[in-house]
1. Please count, across region 1-69, the pairs of lysine residues with Cα atoms under 30 Å apart that sit 8 or more places apart or on different chains.
2. Round to the nearest 10 and give me the degree value, 0 to 90, for the angle of helix 33-62's Cα axis relative to the longest principal axis of the chain.
3. Specify whether the C-alpha gyration tensor of the chain places it in the rounded, prolate or oblate class, a ≥ b ≥ c being the square roots of the eigenvalues: rounded for a/c under 1.5, otherwise prolate if a/b is larger than b/c and oblate if not.
4. Can you tell me how much longer the chain between VAL16 and ASP65 gets when fully stretched, taken as 0.36 nm per residue apart minus their C-alpha distance, in nm with one decimal?
5. Using 0.36 nm per residue of separation minus the Cα-Cα distance, give me the extension gain between ILE42 and ALA29 in nm, one decimal.
Amino acid sequence: MWQKVALILIGLGVLVLAIWGIKDFFTQADIPLLVRIAAGAIGGGVLVLIGIAIKDRMDKSKKDDFKGVER
């Protein structure tokens with residue numbers, strides 16, 4: 001149980017730092033607009049791919065043919 005709590009706290013900390021860094025990156029005036037747009041598109045694409053991978057993994061776990069087999 002404590003491992004799950006620790007992982008949640010670490011995840012929240014990383015999420016807060018990532019959001020802060022992303023906000024700072026996109027609000028900098030000295031970074032060209034094209035670079036900010038490209039970085040946003042790449043980040044959005046990565047998030048979509050991660051979401052698709054998680055969805056596929058969850059779908060495959062529901063259809064697991066070997067759930068009752070002992071290892």
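A short reminder: the numbers here are calculations on the coordinates, not readings from a lab. Just so it is clear, the structure is predicted and the values come from calculations on it, not from any experiment.
1. Counting lysine pairs in region 1-69 gives 9.
2. 10
3. oblate
4. Extra length available between VAL16 and ASP65 comes to 13.7 nm.
5. Length gained between ILE42 and ALA29: 2.7 nm.
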